[in-house]
Amino acid sequence: MEDLLDMLEKVNQLSLTDEEKAVAAGYFAATEKDFATFSAVDTDGVEPMVHVMPLENVLREDVSSQPFTREDLQKGAPEAEDGYWEVPRLIE
Amino acid sequence: MTYTTKKEPTFTKDAIALDDMILTKDSPTTAGSKMLEGYTSLFDATVAEKLSEDYEILGKVAVSEFALGMLADSAATALDEKEIKAVVGLDANGAYRRTAALTGKVFVKPTYGTVSRFGLIPVACSGDTVGVMADGADEAKEVLGVIAGHDDKDGTSLPQEVCAAALDAGTIKKIAVVKDFTANLSAEMTAKVDAAIEKAKAQGAEIIEVDGGVLSQAKLAWAILSSAEFCNNVSRYDGVKYGYRAKGCHSIEEIYVRSRSETFGSAVKSAILYGSHVLSTDNYDKMYDKALRVRRLVKAYFDELFTKVDAVLLPACSKTDLSATECVYEESKYTAPASITGLPVVVAAGVQWLGKPLADGALLAFSKQLA
């Protein structure tokens, strides 16, 4: 379990404390105990159901709009400069 | 204080509160997360826009982080302490339904697609539903009437005539009680269920008992699907464009990891990890794809049952002394069947009454009789 959680932390860009790992392990264990009966449900020939209601493809008129300015969109930026989001240098 | 107040109402219009999962222009929306502390939306959610035409929006009710918690008790407290007609909020994992059942409030989780999701902080998109909590069915129905309707901005929104039909009153004459779900309840919850059954009988309803069949599998199936969707939905919170950014980072990877790790709580982290686990190459078929197929079976179970009955009674939780720190997964046994199928639910008289799609009005009319 520890190796699994370590791997999942990494792919999700997270770092968990030991206490948080214990909570996650508890969650995985709770779901695991229901897994055998879940797996045993006969789903042969049953189509996956992604949407619960019948959906049609949604189209709209091909009209461009720009409801927000760059300034608007950067109002909540943690760090921005000259209209760009600022992050540490990516290439040395 | 368990709620935040934007302004004092003038009472020229009835007042209403939103929960903190609904975006409101120029006022904070945090989803109960440190990640979004101080975040202010540039636009109103469709439901906020619609409500502001008819009501004074008093402010925001606090939520557990990304509404993943056991209860929505701030909403019930706000209804008790403030002069508001209703609280409108996101039913993501049944917290509102459990709270309504325990506090005696009425909560309507409408048919999926009848209320716009545009401008919600998304949790599990295929089940997220905006609902209404109120002291009575009349208030809940009135507010649902304001927020229901087609919205071009929501790709899952049903046509206007279909949304309108959901509000039509109908009759509930025959009700199924699912045996597997009424066993193993606490004595207090059993008493609640028994009292609700007696109230329904007093209104002339016929009660039949049915086996749960595949219904018990909705719990794990919904945990799999909702975690998978949640994991993707929160991948946008990376500390770059908005929200919290950890201080003193030297690389973009450090910004991602530290910003997310310093803000998300353990329930959120667990859900993210589980969501990516079920979507991994090794598990996709046996977990995620399997859950999508189980969802169809659960839907088919209800479709068949609703050829015989008008409503289904399910408890909202197993006991009356739920605590915020307990594992929500276990209690979701009772709320997952409606979450995974998008069926309408009205919580009244301390239990859930599920109806077939678009039976929202019928369920509300029936729940009024139970008051």
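The values are calculated or read from the model by the stated rules, or taken from the named source; none is laboratory data. Quick caveat, the model's predicted, so the values are computed rather than measured. Reconstructed Cβ throughout: ideal geometry from the backbone, glycine too, with neighbour counts over all protein chains shown. Heads up: the accessible areas ignore ligands, DNA and RNA and are worked out on the full protein's heavy atoms, side chains in. Shrake-Rupley method; radii C 1.70, N 1.55, O 1.52, S 1.80 Å.
Scan the stretch A:5-28 for residues that are over 18 Å from the mean Cα position of the chain (by Cα) and either within 9 Å of chain B (Cβ to nearest Cβ) or open to solvent by less than 60 Å² (accessible area, probe 1.4 Å) (or both) and jot them down. Lay out the reasoning, then the answer.
Start the filter on the stretch A:5-28 by keeping residues that are over 18 Å from the mean Cα position of the chain (by Cα), which leaves A:17-23, A:25-26.
Once the filter is applied, which keeps residues that are over 18 Å from the mean Cα position of the chain (by Cα) and either within 9 Å of chain B (Cβ to nearest Cβ) or open to solvent by less than 60 Å² (accessible area, probe 1.4 Å) (or both), the stretch A:5-28 yields A:17, A:19, A:20, A:21, A:22, A:23, A:25, A:26.
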From A:53, A:49, which residue is out of contact with any helix residue (DSSP H, G or I) (no Cβ under 7 Å at 6 or more places or on another chain), part of a loop (DSSP other than H, G, I, E, B) and either within 7 Å of chain B (Cβ to nearest Cβ) or closer than 29 Å to residue B:129 by Cα (or both)? A:53
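Residues in the stretch B:339-355 that are at the interface with chain A (Cβ under 10 Å from one of its Cβ atoms) and farther than 30 Å from residue A:20 by Cβ: how many?
Let us first name the residues in the stretch B:339-355 that are at the interface with chain A (Cβ under 10 Å from one of its Cβ atoms), namely B:339-343.
Still in the list and also farther than 30 Å from residue A:20 by Cβ: B:341-343.
Qualifying residue count for the region: 3.
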Restricting attention to the stretch B:31-41, report how many residues are open to solvent by 30 Å² or more (accessible area, probe 1.4 Å) and either aromatic (Phe, Trp, Tyr) or not in a helix (DSSP H, G or I) (or both). 5
Only one of B:306, B:302, B:264 is open to solvent by 10 Å² or more (accessible area, probe 1.4 Å) and modelled with pLDDT of 95 or more; which? B:306
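If only one of B:73, B:91, B:44 is at pLDDT 95 or above and open to solvent by 40 Å² or more (accessible area, probe 1.4 Å), which one is it?
B:44
When you look at residue B:316, is it more than 10 Å from chain A (Cβ to nearest Cβ) and either among the aromatic types (Phe, Trp, Tyr) or crowded, with 20+ Cβ neighbours inside 10 Å (or both), yes or no? Talk me through it step by step, then tell me what you get.
On the way: more than 10 Å from chain A (Cβ to nearest Cβ): yes; either among the aromatic types (Phe, Trp, Tyr) or crowded, with 20+ Cβ neighbours inside 10 Å (or both): yes.
In short, yes.
For residues that are on the phi > 0 side of the Ramachandran plot and under 31 Å from the mean Cα position of the chain (by Cα), scanning just the stretch B:236-251, find the one that is most open to solvent (accessible area, probe 1.4 Å). It would help to see each step written out before you state the result.
Here is the first cut: in the stretch B:236-251, the residues on the phi > 0 side of the Ramachandran plot are B:239, B:243, B:248.
After this cut, where a residue has to be under 31 Å from the mean Cα position of the chain (by Cα) as well, the list is B:239, B:243.
Values: B:239: 0, B:243: 20 Å².
Looking at residues that are on the phi > 0 side of the Ramachandran plot and under 31 Å from the mean Cα position of the chain (by Cα), I get B:243.
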Just give me the residues in the stretch B:213-228 being of a type outside the set (S, T, N, Q) and either facing another protein chain (nearest Cβ under 9 Å) or crowded, with 21+ Cβ neighbours inside 10 Å (or both), in sequence order. B:214, B:215, B:218, B:219, B:220, B:221, B:222, B:223, B:224, B:225, B:228
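For the subset of the stretch B:229-272 comprising residues that are part of a loop (DSSP other than H, G, I, E, B) and of a type in the set (A, V, I, L, M), which member is nearest to the other protein chains (Cβ to nearest Cβ)?
Taking the stretch B:229-272 first, the residues part of a loop (DSSP other than H, G, I, E, B) are B:237-251, B:264-265.
Next cut, of a type in the set (A, V, I, L, M) only: B:240, B:246.
Working: B:240: 6, B:246: 9 Å.
Going through the qualifying residues, I end up with B:240.
Of all the residues that make up the stretch B:273-313, how many are in a loop (DSSP other than H, G, I, E, B) and either facing chain A (nearest Cβ under 9 Å) or free of Cβ contacts under 8 Å to residues at least 24 places away in the same chain (or both)? Walk me through it before giving the result.
Of all residues in the stretch B:273-313, those in a loop (DSSP other than H, G, I, E, B) come to B:280-283, B:306-310.
Still in the list and also either facing chain A (nearest Cβ under 9 Å) or free of Cβ contacts under 8 Å to residues at least 24 places away in the same chain (or both): B:280-283, B:307.
Of the residues in that region, 5 qualify.
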